[in-house]
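Input: a single structure, listed below in structure tokens.
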Amino acid sequence: MRRARPGWTRNSQGVAVEKKMAMSSVLTMSSPSSPRPLVLIVGLVVSLLSGGSHVAAGGHPDYADALEKAILFFQGQRSGQLPPDQAVTWRSNSGLSDGSAANVDLTGGYYDAGDNVKFGFPMAFSMTMLSWSVLEHGGKMKERVHDGRAAVRWGADYLLKAATQNPGTLYVGVGDPDADHRCWERPEDMDTPRTVYSVSASAPGSDVAGETAAAVAAASMVFRADDPAYYRRLLAAARDVMELALQNQGNYSDSIGGNISAYYLSWNAVRTRANVRGYVHGDELLWASAWLLRASRDSSYLGCFYSLGGNHSVDMFSWDNKLAGARVLLSRRALVNGDTAIEPFRQQAEEFFCRILPGSPSSTTQYTPGGLMHKDRYTNLQYVASASFLLATYAKYMAVSKYTFSCQSLPVTAKALRGLAKKQVDYILGANPQGMSYMVNFGAQWPQRIHHRASSLPSVASHPEHIGCQEGYQSYYYFTAANPNVHTGAVVGGPDENDAFPDDRGDFARSEPTTYTNAPLVGCLAYLAGAYKSGYS
């Protein structure tokens with residue numbers, strides 16, 4: 001259910017280096033504690049550096065400002081040749097020979113977090129969620145929708161390259177992760193091997209192929225009206241990758257090498273091995289089928305649903321387990337379009353909400369004393385952002401269809417789901433016991449020492465000389481001052497189960513930002529910006 005994140009060890013010279021560690025998966029969380037009231041931030045607070053307002057006129061956080069910054073974050077994660085309109089000017093071109101090890105062009109795309117590897121599995125999930133954010137809530141983004149589409153296109157262009165350069169092969173990663181995590185260097189200075197990883201019929205990876213198919217299909221819809229030719233290219237690639245996923249099933253971590261099991265192992269896929277269905281990756285294939293159905297309107301994908309959907313109860317939604325997201329996506333057909341064939345998925349979606357709602361008799365979700373969902377000690381805010389997106393999106397469907405449901409004795413309305421999403425997002429933006437905004441450059445107080453190589457090292461413009469692998473540790477990693485480059489919009493891993501946050505660059509579990517945290521948050525912020533401007537309570 002989670003990414004295996006790095007720990008620390010010492011190399012032969014005694015220098016601290018990063019080392020990823022695989023972790024076991026936790027399926028069921030402890031019973032929820034009674035959340036205490038959130039600490040509300042009252043009045044007008046001037047945002048550091050940006051001069052932006054943290055609190056809007058209605059007393060809510062300035063969701064529109066947070067939305068703009070959440071999208072801008074993706075520019076700081078870009079790999080490749082940066083465009084003339086690049087607004088994050090402390091970043092420069094990087095990874096310009098990516099793919100050459102396999103005689104293909106794999107330049108572009110995004111670095112997933114604070115490292116310099118391009119991991120295809122989380123990148124694809126990030127693009128699926130960013131596309132869904134634009135599709136579902138783009139109407140509330142106003143002038144920011146252009147920026148959202150540009151962020152989607154940067155990732156979609158890369159995934160299109162990865163899916164189409166060699167028929168029958170999907171490229172799923174660039175960069176030796178072990179070598180990369182022994183260094184602390186700017187992406188512009190990378191001198192570690194840019195190893196290329198791929199899946200194919202002889203090296204199956206239905207988990208990563210299914211997620212990539214979902215991402216490309218979702219992205220295609222973002223451009224269907226404005227760029228029909230691009231839409232068709234993306235959709236054709238999504239169909240081909242889905243065929244690869246269905247016909248060649250297996251765990252990509254077993255196929256590609258590179259010690260991927262220490263980084264983005266598909267824990268959900270590993271559990272599936274014990275299932276009678278063998279290597280079927282039900283969540284990614286269901287997720288991809290749902291997106292292909294929506295993008296192509298091809299009813300043949302309906303035939304996949306009941307064989308792939310499974311009956312597993314979940315209380316998380318993440319880059320690893322997409323069941324909750326797939327069920328909510330399919331519920332749109334049931335609630336908005338009246339498709340009774342999808343009813344079982346609507347019921348499963350509501351079971352997910354019953355497992356995360358405070359006060360629900362079937363809740364399995366822990367909350368911190370300050371009211372934050374706590375699912376994992378590693379990058380917890382990714383789960384908060386993803387769950388909040390589903391809450392906001394399902395609330396939208398419920399409001400449109402004037403629908404309610406119950407968690408046993410607890411009645412649930414659109415307002416209740418929207419309210420929980422708002423509380424979680426408000427906590428992220430500063431309404432918490434620490435008074436800390438966990439989005440960089442938003443609010444009065446925000447993380448200054450995020451676990452991010454490019455942010456923590458001087459830019460090429462200010463320091464043109466090469467900064468070596470270990471020099472980055474000695475001269476910058478251990479430096480206790482704030483990062484020299486403000487990574488605006490980056491949302492870090494967040495506080496622990498007691499609402500504590502040390503703002504320590506070495507605390508990767510709480511201080512590292514990721515694309516798969518920001519991507520769903522974009523949609524949730526857009527929804528809240530529209531909802532609370534309209535006077536909802």
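The values are calculated or read from the model by the stated rules, or taken from the named source; none is laboratory data. Computed from a predicted model, the values in this text were never measured in an experiment. Glycine also receives a Cβ, built like all others from the backbone with ideal geometry; neighbour counts cover every protein chain displayed. Ligands, DNA and RNA are excluded from the accessible area calculation, which covers all protein heavy atoms including side chains. Shrake-Rupley method; radii C 1.70, N 1.55, O 1.52, S 1.80 Å.
Taken together, LEU234, LEU130 contain a single residue that is open to solvent by less than 10 Å² (accessible area, probe 1.4 Å) and over 22 Å from ASN321 (Cα atoms), which is LEU234.
Scanning segment 356-400 for residues that are under 12 Å from LYS422 (Cα atoms) and aromatic (Phe, Trp, Tyr) gives a single hit, PHE389. Among the residues making up segment 457-510, those that are within 22 Å of MET439 (Cβ to Cβ), open to solvent by 30 Å² or more (accessible area, probe 1.4 Å) and among the hydrophobic types (A, V, I, L, M, F, W, C) are ALA481, ALA482, VAL486, ALA500. If you go through segment 171-194 and keep only what is under 16 Å from TYR110 (Cα atoms) and in a loop (DSSP other than H, G, I, E, B), you end up with GLY175, ASP176, ARG186, MET190, ARG194.
When you check ASP157 against the structure, is it open to solvent by 50 Å² or more (accessible area, probe 1.4 Å), touching a residue at least 24 places away in the same chain (Cβ under 8 Å) and within 24 Å of ALA519 (Cβ to Cβ), yes or no? Criteria met by ASP157. Could you tell me whether TYR532 is open to solvent by 20 Å² or more (accessible area, probe 1.4 Å), in a helix (DSSP H, G or I) and among the hydroxyl-bearing types (Ser, Thr, Tyr)? Taking the combined requirement at face value, the residue satisfies it. Taking each residue of segment 196-212 that is assigned to a loop (DSSP other than H, G, I, E, B) and looking for partners that are open to solvent by less than 10 Å² (accessible area, probe 1.4 Å) with beta-carbon atoms closer than 6 Å, six or more apart or interchain, yields PRO204/GLY250; GLY205/VAL199; GLY205/TYR252. For the residues TYR378, TYR383, TYR403, the requirement of being within 17 Å of the chain's Cα centre (by Cα) and in a loop (DSSP other than H, G, I, E, B) singles out TYR378.
For segment 237-256, filtering for residues that are open to solvent by less than 10 Å² (accessible area, probe 1.4 Å) and within 17 Å of ALA214 (Cβ to Cβ) leaves 6.
Under the condition of being surrounded by fewer than 18 Cβ atoms within 10 Å (Cβ to Cβ) and over 22 Å from the mean Cα position of the chain (by Cα), the residues counted in segment 356-372 number 5. Of the set (1) more than 30 Å from SER331 (Cβ to Cβ); (2) surrounded by fewer than 19 Cβ atoms within 10 Å (Cβ to Cβ), all apply to HIS146 but (1).
For PRO513, the criteria (1) outside any loop (DSSP other than H, G, I, E, B); (2) under 25 Å from ARG149 (Cα atoms) hold in every case but one, which is (1). A count restricted to segment 303-343 and to residues that are open to solvent by 40 Å² or more (accessible area, probe 1.4 Å), in contact (Cβ under 8 Å) with a residue 40 or more places away in the chain and not in a loop (DSSP other than H, G, I, E, B) stands at 1.
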